[in-house]
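A quick write-up on the structure given underneath.
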Amino acid sequence: MGFKVGIAQIAPALGDVHENMKRIERCIERALDEKTDLVVFPELALTGYTLKDMVPSVSLRLDSPELKRLMDASERLSIAVGFVEESPDYRFFNSAAYLEKGKILHVHRKVYLPNYGMFEENRDFAAGSRFRAFNAEFGRCGILICEDMWHPSAAYVIAQDGCELLIALSCSPARGAQSDGDLYSADAWQTLNRVYAHLYSQYVLYANRVGYEDGVGYWGGSEAIGPDGSVVARAKQFEEQFLTAELSSDAVRRARIASPLLRDERLDITLRELKRIDRKREK
Amino acid sequence: MNAHTEAALRKQDDPLWVNPEIVLPLLEGFIRDEITKVGISNVVLNLSGGIDSAVSCVLAARAMPPENVTALMLPYKTSHPDSLGDAQTLARQLGIRSMTISVTEQVDPYFEKFPDMTPLRKANKMARERMTILYDQASALDALPLGTSNKTELLLGYGTIYGDMASALNPIGDLYKTQVWQIARHLGVPEEIVSKKPTADLWPGQTDESELGFTYEKADRLLYHMIDRRRSRAELERLGFEPAFIQELENRVKRSQFKRRLPLIAKVSMRTIESDFRYPRDWGR
């Protein structure tokens, strides 16, 4: 089945949910104009990234009016969007919701919160504890948020769970200008996206933001990678852009016939060996 | 061609080389974005005639309409006349606005009160006078003051706290001096500015490198491996850096940490600025 996706490479306003709702709703209008079936927004698109102590003042419950508005919009097209989720027991997660046909179909809470170098997400957020694929209208999907993508086990679990379309939301800072090719961050992410698409014979939709916060530039370069590792579409760097791509489950099927890596994967061996390693570590 | 020009022409396999195709859009975007989101459209900076402020200035004039950029030339009576001339030439070339204000009348009465002032005290005093003019003009012009301190001097503490280190935005603070030279070359900064010996013009004949006791190039190489690459002492020695030089720079970086941070606040309450009251600088922007 063929379907059209849009990636909204935006620069969110830091800490301003109201303003970001407006920007996101404008992108949804654009997505509808372009007849896309699914639109993907970056990590923390509703709030911006460098929140620090603002986290509790920009958080949304799953029954909040803002998410309700997006749920209503999802009657017309599916939406994946990053936001700060407040749980009923007052924990705050760096989350992404997948909305379809007026409902929240799936919420992924970022598991790997980076807390080193320039990052201190562990201070501000609670960590998620699940990697799950889910059935969406356009096939089986999975969501990972930024640092989750740097842990191959996360993508592995989601792939084993049947994912055909991996949605990766990020706020990736522009770093490393010493290559005569591309920015370090761009080079690293493009490699990750292609490897996960190719090895797991799945689509990877990478939605990165642009704009600056506290001197940090976010480089954009959102992309759709095909299940054979080829670049289907790639956005410009450092500029807002609405990127579209035509995807098809036929391409996933063909990739899995050409390289039946998932068919041949020995989950039992992986599990047995991981349990052995885990037992050894406990001692 | 002197050593600095050669440094500016460095080959791409050098670890300090930065890619202008990556750096320039990043820095110009930084200036444009961080200024306009505050609701301001002008930028002002002190243009000394040296390489650092020249590069900041060119970046600003590329990021913003040149008429929104104002360069202040703030000479003292002993400042080298070439400094002012080179600054004025650059401002003219870029088509930006400029203003020359002598700081002599401002600082001399103070110096006369303290005849035993050391050259360093005088230099710091002048740097802080220039800062007050920069911030006042920023207010008058509805502009943000742009910084001109490079990564080398920020790390070594070779600058005046609340003087030339003060600004709202600093586009070159993550570029080592040799990288500033390289970018200056790429940007077409006039040869007189690129090839002159770096000097804070603190007193006649002063040069940074003779005062520091080592060249920027030598310091940058070590700082790059020590700070950016986090190499251990043993690794640095294996790379050929002398133990005494490693120690000297390490001490300089540590001793000047106070210049790179806000003043210490004595903690009393449950929520104290910096320690547990933490918001981004761009809060509400």
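Derivation of every value follows stated rules applied to the coordinates shown; laboratory data play no part. Since the structure is predicted, the reported quantities are computational estimates derived from the model, not experimental observations. Cβ atoms come from the backbone with ideal geometry, glycine included; neighbour counts cover every protein chain shown.
Observations, loosely collected:
- Under 5 Å, built H, 5+ apart or other chain: amide partners of B:V44: B:T70, B:L144, B:L146
- At R0 = 30 Å, FRET efficiency that the Cβ-Cβ distance of B:E237 and B:E211 yields, to 0.05: 0.70
- A simple rule links phi to the HN-Hα coupling: the Karplus curve 6.51 cos²θ - 1.76 cosθ + 1.60 with θ = phi - 60°, which for the range B:151-163 gives 5, 4, 6, 5, 6, 7, x, 8, x, 9, 5, 6, x Hz, with x for Gly and Pro.
- The HN-Hα couplings worked out from phi for the range B:201-209 by the Karplus form 6.51 cos²θ - 1.76 cosθ + 1.60 (θ = phi - 60°) are 6, 6, 8, x, x, 5, 10, 4, 5 Hz, whole numbers, x standing for Gly and Pro.
- The GluC sites (Glu not before Pro) found in the range B:189-285 that occupy coil by DSSP, while having at most 14 further C-beta atoms within 10 Å, are B:E274.
- For the range B:34-43, 3J(HN,Hα) computed residue by residue from phi via the Karplus equation (6.51, -1.76, 1.60; θ = phi - 60°) reads 6, 7, 5, 6, 7, x, 10, 10, 10, 9 Hz, glycine and proline entered as x.
- Relative counts (whole %) of C-alpha pair distances in the range B:139-285, using bins that are 5 Å wide: 2, 7, 14, 17, 18, 16, 12, 8, 4, 2, 0, 0
- Taking amide H atoms as placed 1.01 Å from N in the peptide plane, the amide H of A:Q237 lies under 5 Å from those of A:G221, each 5 or more residues away in sequence or on another chain.
- Distance in nm between pseudo-label sites at A:Y90 and A:H18 (7 Å out along the Cβ direction from Cα): 2.6 nm
- Residue among B:M131, B:M117, B:M270 with the largest mean-square fluctuation in a Gaussian network model of chain B, springs linking Cα atoms under 10 Å: B:M270
- Gap separating the Cα centres of the range B:149-164 and the range A:241-261, nearest whole Å: 53 Å
- Taking N as its residue count, the alpha carbon Rg of the range A:2-282 over 2.2 N^0.38 Å: 0.96
- Taking every lysine pair in the range A:2-282 that is 8 or more places apart or spans two chains, those with Cα atoms closer than 28 Å amount to 27.
- Pairwise label distance in nanometres, B:D142 with A:R26, each label 7 Å out on the Cα-Cβ vector: 2.2 nm
- Shape call, chain B: gyration tensor on alpha carbons, a/c limit 1.5: rounded
- Max mean-square fluctuation residue, GNM over chain A, Cα-Cα springs under 10 Å, options A:S78, A:S172, A:S249: A:S249
- Within the listed set A:G102, A:G226, A:G142, the residue fluctuating most in the Gaussian network model of chain A (springs between alpha-carbon atoms under 10 angstrom) is A:G102.
- Shape index of the protein assembly as shown: Rg/Rh, with Rg the Cα radius of gyration and Rh the Kirkwood radius from the inverse mean 1/r over Cα pairs, equals 1.02.
- Shielding value for A:208-217 is 5, the average number of Cβ atoms from other chains within 10 Å of each residue's Cβ.
- The trypsin sites (Lys or Arg not before Pro) of the range A:25-54 that DSSP puts in a loop, and whose beta carbon has at most 16 other beta carbons within 10 Å, are A:K35.
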